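Have a look at the structure below, then the notes.
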Amino acid sequence: MARNTTAVNTSSEGNGDDWVGTTYVESPLVPDDVVDGDDWVGPGYDVTNYGCASLPADEGSPFYWIMGTTMSVKRMIISGNGYIMVVADNSGVIIVLVRYINTYVIVQKIDTESFDVVMSLNHDGKILVVGGSTSDTVYVYMCNSSNLDEKPHFVNIQQIPMCVTRIVITGNAEIIYCLHRVSRLTGDSHVRVISNRLNGYKALPPRLLMRDGVLCLVPPTVFANGIVGIESGGRFHVWRHCSDRNVYVKIQLFEFPRCLSRITCVAMKGRELTVGTIGGKILFFSWNGNAYVKQREEKAHQEEVSCLAFVPNGNIVSGSCDGTIKIWCSIGKHKVVLRHIRSVHGDFAVFTLVVTSEGLLICGCEDGSVMIFSEALVNPLS
């Protein structure tokens, strides 16, 4: 059975540097059958007795919530308006939640039967794309409603034969980019472009070759229809779509030094690009009009940087397998840690995190827990 626990801050936050540990007061919450995909706990129900995670009310106090799973929370995505949140564990189960007043409520469970789920959600939360390297199929889901009274529910509308390790979707859901694994032995992959046509999504012939790694959309404020691919081994690709010729042109390619070790995650906002490594380093890049140029390199964590996200005001949040989270800001040419959250949930690794448009930080941990932090904790200087 899932549990709800209220977190009580036992540390001193006086200087805004360290937020060390919490004490949790546990209470029963979610019946086991609430996530079977058939039960709806929207308007008309007492949501405090169902599968929900209340948002934090006190500055700096996280709300601590354990889902109805004992598996690690590996992936988490959220719509641009923060209305729909999708969480995946390492057993291949996807949990869909929606924002209801001051609560996130479980509305659906999808069993993908893939042990390494990758997924992407478009900006308004209408299209969800799911795949995995142990699955030979990419599934496209559509949300049947944006109205809570009509029970929002994702319905599978298309299946595309493809084994993928990364997925990103444009905000208007017109294009899906997938890192299609060609060989499990060598790690060779193609960036496949899946375009939305009148009769559904269609995968275009592979043209962009790279090894296993991470993908990220270039923000339209930099240039339209661009994508960044960073191989695990450190090769950095930037492609731009030329509409007049309908081709993708590589406009930048360089190699990270071997000492930086394997690339694990990437985040972009405006002209800024941030990259995390397995060795605990974070690399900060900026677009100079022609290419991404490295600005800074910081030893951020003791273990792998597992996730990165931008706060709406431009601050950066990093999570690590060492169980910590850091919030970074720019002061001149320097990157400074505004807050260091130690032992987010004991010694459990932080695997994934997202930041909502209003500045709430939501992170998923190794033990299956999801934690929600208030905007004041993520952005203490606002």
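Structure notes:
- Residues that are within 24 Å of S357 (Cβ to Cβ), under 16 Å from the mean Cα position of the chain (by Cα), surrounded by fewer than 22 Cβ atoms within 10 Å (Cβ to Cβ) and not β-branched (V, I, T) do occur in the range 269-279.
- Looking across the range 306-335, just one residue is of a type in the set (G, A, S), surrounded by 20 or more Cβ atoms within 10 Å (Cβ to Cβ) and not in a strand (DSSP E or B), and that is G323.
- Test for E303: is it assigned to a loop (DSSP other than H, G, I, E, B), among the acidic types (D, E) and surrounded by 14 or more Cβ atoms within 10 Å (Cβ to Cβ): yes
- A count restricted to the range 120-142 and to residues that are in a strand (DSSP E or B), surrounded by fewer than 23 Cβ atoms within 10 Å (Cβ to Cβ) and of a type outside the set (V, I, T) stands at 2.
- Any chance K109 is farther than 25 Å from L217 by Cα, in a strand (DSSP E or B) and among the basic types (K, R): yes
- Every pair of residues 6+ apart whose Cβ atoms lie under 9 Å, when the first sits in the range 121-133 and is in contact (Cβ under 8 Å) with a residue 40 or more places away in the chain while the second is basic (K, R) and surrounded by fewer than 24 Cβ atoms within 10 Å (Cβ to Cβ): G131/R166; S133/R181; S133/R184
- Which numbered condition N225 misses (of (1) at pLDDT below 90; (2) on the phi < 0 side of the Ramachandran plot; (3) surrounded by fewer than 20 Cβ atoms within 10 Å (Cβ to Cβ)): (2)
- Taken across the range 239-255, residues that are crowded, with 20+ Cβ neighbours inside 10 Å, hydrophobic (A, V, I, L, M, F, W, C) and part of a strand (DSSP E or B) do occur, with at least one present.
- Within the range 80-103, the residues that satisfy the criterion of being at pLDDT 80 or above and under 19 Å from G359 (Cβ atoms) are G80, N81, G82, Y83, I84, M85, L97, R99.
- Selection status of V311, of a type in the set (V, I, T), out of contact with any strand residue (DSSP E or B) (no Cβ under 7 Å at 6 or more places or on another chain) and farther than 16 Å from C216 by Cβ: no
The values are calculated or read from the model by the stated rules, or taken from the named source; none is laboratory data. On a predicted model such as this, the values are computed, not experimentally measured, just so you know. In this analysis, Cβ positions are derived from the backbone assuming ideal geometry, glycine residues included, and neighbour counts consider all displayed protein chains.
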